[in-house]
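Visitor: Pasting a structure here, questions to come.
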Amino acid sequence: MVLPVVLIKLIDLVWYQLLANSCHRAARKVRNYGFLFGNSSPPNKPSQQQPPFSFPSVTKCVLEGRDCATIACDIFGALLKSQSVFPYFMLVAFEGGSVIRAFLLLLSCPILLVLDYELKLRVMIFITFCGLRRKDMESVGRAVLPKFYLDNLNLQAYEVLASTGSKFVFTSVPRVMVEGFLKEYLEVDDVIGTELQTVGHYFTGFLSKSGFLVKHRALKEHFGDKKPDVGLGTSSLHDHLFISLCKEAYVVNKEDSKSGSNSVMPRQKYPKPVIFHDGRLAFLPTPSATLAMFMWLPLGIILAIFRISVGIFLPYKIALFLVTLTGLNLSAKGCDNSTSAKPDQEKRGVLYVCTHRTLLDPVFLSTSLCKPLTAVTYSLSKMSEIIAPIKTVRLTRDRKKDGETMQKLLSEGDLVVCPEGTTCREPYLLRFSSLFAELADEIVPVAINTNVTMFYGTTASGLKCLDPIFFLMNPRPGYYVEVLGKLPKDLTCAGGKSSNEVANYIQRKLADALGFECTTLTRKDKYLMLAGNEGIVQDNKRKKP
């Protein structure tokens with residue numbers, strides 16, 4: 001019963017809101033400016049030239065002494081450097097919806113160009129949210145959008161916001177798209193935005209009964225006769241009406257946001273570091289960038305299949321040569337590191353301890369060394385095991401069993417382990433598990449990093465079996481592998497060090513090699529934040545009581 005109602009409302013939106021209102025506005029403009037076609041002046045109308053509002057730039061705002069002040073602003077155009085909302089709707093459509101939904105939103109771009117701001121938002125809201133689960137929107141708002149918001153945060157506007165005591169954001173975009181980020185990262189007290197209609201656990205794509213939020217009206221309703229101390233907005237007429245209701249008003253000019261280096265938010269000044277984030281898109285999906293992605297997608301899939309096939313069936317050197325021709329850049333350093341056991345010792349393999357960026361880390365290490373390696377991993381999909389060109393062995397997260405498994409593998413040959421237990425995209429290293437330090441004295445740290453421009457090759461809530469494919473779909477993916485020197489014996493457990501000391505030392509050594517920062521965060525922390533679980537695949541076979 002829901003679908004017919006949605007279709008009827010959609011027809012009403014297109015017919016009445018789009019056609020009738022647009023024609024009415026056009027007729028009103030012709031009437032108001034009819035003097036241009038013969039009349040010397042519009043009847044009963046004074047001159048249309050009103051003195052423009054004049055507000056100082058945000059750079060003129062004094063930050064000191066505002067601890068008790070109240071600020072009102074919008075996130076788009078004021079806090080963010082760009083006023084365009086399309087990329088963020090595209091992120092919700094692609095990451096929370098599907099490729100088809102994202103493609104439909106892209107196809108709407110020509111229509112959006114001829115619509116006014118309100119109708120443009122209504123169309124994007126309908127395409128993005130119609131039939132979308134509330135759970136998926138919450139996941140995108142928690143794990144995907146904050147990264148892009150922070151990357152586009154205007155430093156000058158943020159400093160004004162951070163200097164005040166009470167922070168209020170008024171925005172015409174759906175509140176669910178911005179509230180989580182604003183409250184968690186910018187410590188905003190309240191977010192007032194457009195509310196969406198829901199049926200059960202799904203969005204309908206239409207606005208709630210309160211309708212489209214008009215910022216200056218919402219500010220009057222929220223504060224009443226009391227005026228906020230500071231208002232922050234853009235140079236548009238609507239924002240002038242909004243910030244003119246504040247005691248002090250400042251504008252964020254486009255020129256300042258684009259050209260001024262002071263407007264760029266450096267990573268070290270982020271109000272809260274982004275260590276974990278999810279989603280497949282590694283770029284801000286503007287209309288032109290999204291169009292380029294969809295045009296590349298068919299070729300990218302073919303390219304990924306070719307790169308995988310080459311890695312599986314051809315020798316290391318030939319495979320490396322061919323994938324390099326396709327645009328993949330492998331930078332290897334220190335890979336002539338050879339370690340052998342002493343004659344009087346039992347022959348054992350070398351334990352390579354790597355940073356973890358994607359599931360392909362052991363594969364590229366094996367290719368760089370030009371020798372077969374065995375990799376141990378957790379929760380590896382069947383597809384990843386099938387296409388892996390090296391031997392892979394699953395661990396169980398039972399410390400005793402995993403230790404026995406790794407001891408056995410080391411007696412058979414060289415072994416690769418990623419003690420972080422999960423991947424991390426940002427320049428941080430998670431806490432290293434100390435189990436590996438108890439198993440071997442021949443330990444070689446390996447610093448690994450990746451570079452992508454279109455798709456991330458990792459996911460916390462998506463299909464992990466597609467991770468290698470997405471990474472290899474990038475036009476020019478990059479892998480950096482640096483094999484560091486073998487750990488001296490006096491820094492291993494055999495030299496009297498505890499396993500925790502060894503693990504922490506290697507973590508710091510690898511962080512220094514990559515220019516990363518060490519953290520005490522774990523795999524559990526990552527999955528609790530991004531996916532709402534501990535990242536453990538439950539066994540379908542449960543014991544009966």
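Visitor: Suppose we take every Cα in the range 287-531 and form the convex hull; what volume per residue is that in Å³?
Guide: Per residue, the Cα convex hull of the range 287-531 comes to 132 Å³.
Visitor: ³J(HN,Hα) across the range 148-158 via Karplus (A = 6.51, B = -1.76, C = 1.60, θ = phi - 60°), whole Hz, x for Gly/Pro?
Guide: 6, 4, 5, 5, 10, 6, 7, 4, 5, 5, 5
Visitor: Additional query: Under a point-charge model restricted to the Cβ atoms of Lys and Arg (+1) and Asp and Glu (-1), what is the dipole moment magnitude of the range 58-269 relative to its Cα centre, in debye to the nearest 20?
Guide: Details: 25 positive and 23 negative charges, 79 e Å.
For the range 58-269, the charge dipole is close to 380 debye.
Visitor: Right, another one. Enter the accessible area per residue of the range 58-269 (Å², integer; probe 1.4 Å; all protein chains in place). Intermediate values should be presented prior to the final figure.
Guide: Working: 9170 Å² over 212 residues.
Accessible area per residue, the range 58-269: 43 Å².
Visitor: OK, next. Using DSSP to call loops (not H, G, I, E or B), can you name the chymotrypsin sites (Phe, Trp or Tyr not before Pro) in the range 148-229 whose Cβ has at most 16 other Cβ atoms within 10 angstrom?
Guide: For chymotrypsin sites (Phe, Trp or Tyr not before Pro) across the range 148-229 that sit outside H, G, I, E and B with at most 16 neighbouring Cβ atoms in 10 Å, the list reads 212.
Visitor: Within the range 129-227, report the GluC sites (Glu not before Pro) that DSSP leaves as loop and that have at most 13 other Cβ atoms within 10 Å.
Guide: 187
Visitor: Still on this structure, I have one more. Once you list every other residue whose beta carbon is under 10 Å from the beta carbon of residue 450, what net charge do they have if Lys and Arg are +1 and Asp and Glu are -1?
Guide: +1
Visitor: Taking the Cβ of residue 188 as the centre, find all other residues whose Cβ is under 12 Å away and add up their charges (Lys, Arg: +1; Asp, Glu: -1).
Guide: Local net charge: -3.
Visitor: On to the next question. What net charge do the residues around residue 249 carry, taking every other residue with its C-beta under 12 Å from that of residue 249, with Lys and Arg at +1 and Asp and Glu at -1?
Guide: 0
Visitor: Further question on the same structure: Rounded to whole Hz and in sequence order, give me ³J(HN,Hα) for the range 213-219 from the Karplus expression 6.51 cos²θ - 1.76 cosθ + 1.60, θ = phi - 60°, writing x for Gly and Pro.
Guide: These are the phi-based 3J(HN,Hα) values: 7, 9, 4, 5, 6, 5, 5 Hz.
Visitor: Give the carbon-plus-sulfur fraction of the accessible surface of the range 139-266 in %, rounded to a whole number; probe 1.4 Å, heavy atoms of protein chains only.
Guide: Carbon and sulfur atoms account for 48 percent of the accessible area of the range 139-266.
Visitor: How high is the relative contact order of the range 58-269? Use alpha-carbon pairs under 8 Å, at least six apart in sequence, and give a whole percent.
Guide: Relative contact order, the range 58-269: 28 percent.
Visitor: Let me have the relative contact order for the range 287-531, percent, based on Cα pairs under 8 Å that are six or more residues apart.
Guide: The normalised contact order for the range 287-531 reaches 26 percent.
Visitor: Go ahead and run the numbers for FRET between residue 396 and residue 118, Cβ-Cβ distance against an R0 of 56 Å, rounding to 0.05.
Guide: In this case the efficiency is close to 0.50.
Visitor: Right, next: Would you give the gap between the C-alpha center of the range 347-370 and the C-alpha center of the range 419-443, rounded to a whole Å?
Guide: Taking the Cα centre of each part, the range 347-370 and the range 419-443 sit 13 Å apart.
Visitor: Using all alpha carbons of the range 58-269, what is the percent of pairwise distances in each 10 Å bin, ordered from the shortest bin to the longest?
Guide: Cα pair-distance distribution for the range 58-269, in percent: 8, 34, 37, 18, 3, 0.
Visitor: Heavy atoms only, probe 1.4 Å: what % of the accessible area of the range 287-531 goes to carbon and sulfur, would you let me know?
Guide: 57 percent
Visitor: Please compute the per residue accessible area over the range 362-489 with all protein chains in place, 1.4 Å probe, rounded to a whole number of Å².
Guide: Working: 4900 Å² over 128 residues.
Solvent-accessible surface per residue comes out at 38 Å².
The values are calculated or read from the model by the stated rules, or taken from the named source; none is laboratory data. This structure is a prediction, so every number in the text was calculated from the model and none was measured. Positions of Cβ are backbone-derived with ideal geometry, glycine not excepted, and every protein chain shown enters the neighbour counts. Areas reflect the complete protein model, heavy atoms only, side chains present, ligands, DNA and RNA absent. Shrake-Rupley method; radii C 1.70, N 1.55, O 1.52, S 1.80 Å.
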